Amino acid sequence: MNSLDDLEGAAYKFMTEMGDYTVFAFYGEMGAGKTTFINELCHLLGVETDITSSPSFAIINEYRSDTTAELIYHFDCYRLENEAEAQDIGAEDYFDCGAVCLIEWPERIEGLLPDDTVRVDITVDHDTQSRLVKMTLPE
């Protein structure tokens, strides 16, 4: 993505490639655009856009698609100290429930992620301020 104008198209392409996968781990430096991308993706999945935000304080936000009534869970693991904290809030139960789970800062809980987690890397070209979103399907 070269600008925010490209965001909807990038999120749409991502959405069409999600397949039957449900757990998506978003990696990227602070300010890379993980939350912005996830918010646009949620919008395209039918979530009212003004209710999506980073769940930094709550760790997990739950959204319901207005078009499909399906649940979407948005995790922000930045404040977690260890995997035990994620276990205490039932993270593994969320990952196993079949709902779409979008996880920011997954490196904090990598040992809890299911084997079929899709890795999503968002990298920033600091010279152009463009972003590259790369989806890696599980083997």
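The values are calculated or read from the model by the stated rules, or taken from the named source; none is laboratory data. Here the structure is a predicted model, which means the values were calculated and not measured. Counting neighbours? That spans all protein chains shown, and the Cβs are built from the backbone with ideal geometry, glycine included.
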- Task: Might you let me know whether segment 32-41 holds any residue that is surrounded by fewer than 17 Cβ atoms within 10 Å (Cβ to Cβ) and either under 22 Å from K134 (Cα atoms) or out of contact with any Asp or Glu (no Cβ under 7 Å at 6 or more places or on another chain) (or both)?
- Result: no
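Does D50 satisfy being within 21 Å of D125 (Cβ to Cβ) and at pLDDT below 95?
Numbers: within 21 Å of D125 (Cβ to Cβ): no; at pLDDT below 95: yes.
The answer is no for D50.
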- Kindly provide the set of residues from segment 87-112 that are within 25 Å of T123 (Cβ to Cβ) and over 16 Å from the mean Cα position of the chain (by Cα), ordered by number. G111
- Just for segment 64-95: of the residues that are exposed (fewer than 13 other Cβ atoms within 10 Å of the Cβ) and acidic (D, E), which one is farthest from L113 (Cα to Cα)? D66
